[in-house]
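One structure is given here, and the rest of the page talks about it.
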Amino acid sequence: MRRTATIRTASERGGVSLQVLVLMVPVFFGLMGFAVDLGRLYMARGELQTAAQAMALAAASRLIGTEAATTDAQDAANRMVENESGFANRYDYGALTVGETNGSLNSEIVEPAYFATAAEAIGEDASAAGSGEVGGTEARHVRVELVGETPLLFWRFLSLGQEGKVPVRVRAVAGVSAPLCTACNIEPIALAALDAADTVDFGFVVGTRYTLGYSCTGNPIPQPLAGSTQRVPYLILNRANDQLAVYADDSQQLYRVGAQGLLASTTQALACFSVNAEESIWASAAPLACNVNRVNTAITSYLCGMATRMDPSLAQGCTDIPEVDTLTALYQSDSDLTDLEDYTTYAGNGRRLLTIPIVDALNPTGTMIVQGFRQFLLQPLQNQAGIASQDPNGRFMATYLGTRFPIKQGRFGDCAITNGPGKVVLHR
């Protein structure tokens with residue numbers, strides 16, 4: 001039996017090709033969507049994640065253990081996305097400002113949530129997720145969430161993308177780290193532990209106001225300032241930097257570190273202190289005999305700088321510091337100068353917050369071993385607006401806080417401490 005061959009005409013072949021082409025259109029747009037839309041989604045997600053992390057880090061830096069901390073944290077986070085300067089965090093090729101709408105696409109900043117522990121903020125387990133939110137005095141960690149709509153080009157022709165856009169949600173968590181072994185940009189003051197056996201507070205009492213007075217030899221021992229419980233002697237630790245090109249004079253350096261803490265440097269030994277490290281006194285800051293009722297000019301220069309934290313005007317007795325008018329103009333006072341009995345009511349910008357090394361014993365002629373770091377709030381003199389830079393005994397008042405606020409910079413290590421200030425870090 002003879003088989004008859006089937007011969008397709010040109011029109012029939014064209015019809016089949018057109019049908020195949022029609023069937024392939026969704027596949028084509030789907031593949032193009034993977035190449036273009038998916039890449040755009042990943043890019044937008046990365047940009048949103050960067051914005052969320054910036055907001056979380058900014059917010060966490062303001063978690064200083066006060067009632068106003070979460071409000072200040074919210075303001076700090078919002079500054080990362082405000083667009084008055086034209087440099088706000090954006091996404092989708094930098095076209096959309098986070099938290100705004102362009103008419104067709106929206107983005108949303110979910111109100112940050114604050115937590116006492118990182119585990120609660122991250123919410124990795126069901127019991128911790130969404131629970132444990134706290135107020136400003138207890139907040140140590142913050143969670144920031146952003147939602148941004150991203151446009152679709154090819155997938156909008158498919159049923160899954162008919163709206164022409166898709167929401168992208170990101171989360172960032174930041175907070176105060178574990179205790180640091182190395183602390184930078186802190187105060188170059190050494191206090192001896194009042195109780196060496198107390199590894200939490202070194203014998204200091206949280207909420208207690210102390211007079212910090214410069215160490216002197218012999219008698220009579222200077223009295224504490226009015227309104228404080230006792231006088232605690234201190235020394236200025238050596239961080240003299242002979243490599244500075246500007247304001248390199250010794251008194252200028254002491255003024256600057258009094259005003260802002262240790263100066264920035266690429267050399268860690270000049271900008272930081274480390275637990276278990278040996279330290280010595282600043283050469284020009286040697287103690288004098290108590291009965292002379294005065295201190296070296298180095299201590300006065302240091303207190304002149306510290307006075308700017310409470311009053312931006314040039315303090316009395318500071319005119320001998322070279323270019324002091326120019327130096328004074330560099331600093332502003334704290335925005336809260338209130339004489340505070342309760343630290344949690346503090347609402348300032350951090351200028352009064354001090355982080356101080358605690359040493360094994362004060363030794364003006366040898367070495368001192370750093371035991372840890374603890375924090376204080378600088379207080380004004382009783383019935384006055386600031387401190388006395390010309391105090392004959394180098395005295396000023398400060399309230400002991402323990403470890404309430406993150407420091408600007410530091411490093412971890414194997415110093416084996418379990419208490420002390422941390423720095424702001426990203427948890428995720």
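The values are calculated or read from the model by the stated rules, or taken from the named source; none is laboratory data. Given the structure is predicted, the values throughout are model-derived calculations rather than measurements. Quick reminder, even Gly has a Cβ in these numbers, built from the backbone with ideal geometry, and neighbours come from all protein chains shown.
Would you kindly identify the strands (runs of 3 or more DSSP E) lying entirely within region 382-428 that contain at least 2 residues that are closer than 22 Å to I358 by Cβ?
So the answer is 396-402, 409-411.
If you go through region 298-330 and pick out every residue that is buried (at least 17 other Cβ atoms within 10 Å of the Cβ), of a type in the set (S, T, Y) and either in a loop (DSSP other than H, G, I, E, B) or at pLDDT 95 or above (or both), you end up with 4.
When A385 is tested against (1) in contact with a Gly (Cβ under 9 Å, 6 or more places away or on another chain); (2) surrounded by fewer than 18 Cβ atoms within 10 Å (Cβ to Cβ); (3) closer than 27 Å to Q316 by Cβ, just one condition goes unmet, and that condition is (1).
Taking region 146-234 as the region of interest, the strands (runs of 3 or more DSSP E) fully inside it that hold 3 or more residues being at pLDDT 95 or above and within 30 Å of S284 (Cα to Cα) are 182-184, 189-192, 209-214.
Within region 71-105, the set of residues being crowded, with 16+ Cβ neighbours inside 10 Å, touching a helix residue (DSSP H, G or I) at 6+ places or on another chain (Cβ under 8 Å) and hydroxyl-bearing (S, T, Y) comprises Y91 only.
Comparison of A69, A59, A44, A54 shows that the only residue that is touching a residue at least 24 places away in the same chain (Cβ under 8 Å) and touching a Pro at 6+ places or on another chain (Cβ under 7 Å) is A59. Take the conditions (1) at positive phi; (2) in contact with a helix residue (DSSP H, G or I) (Cβ under 9 Å, 6 or more places away or on another chain); G227 misses just one of them, which is (2). Return yes or no: is R239 among the basic types (K, R) and assigned to a loop (DSSP other than H, G, I, E, B)? When the stated conditions are applied, R239 passes them.
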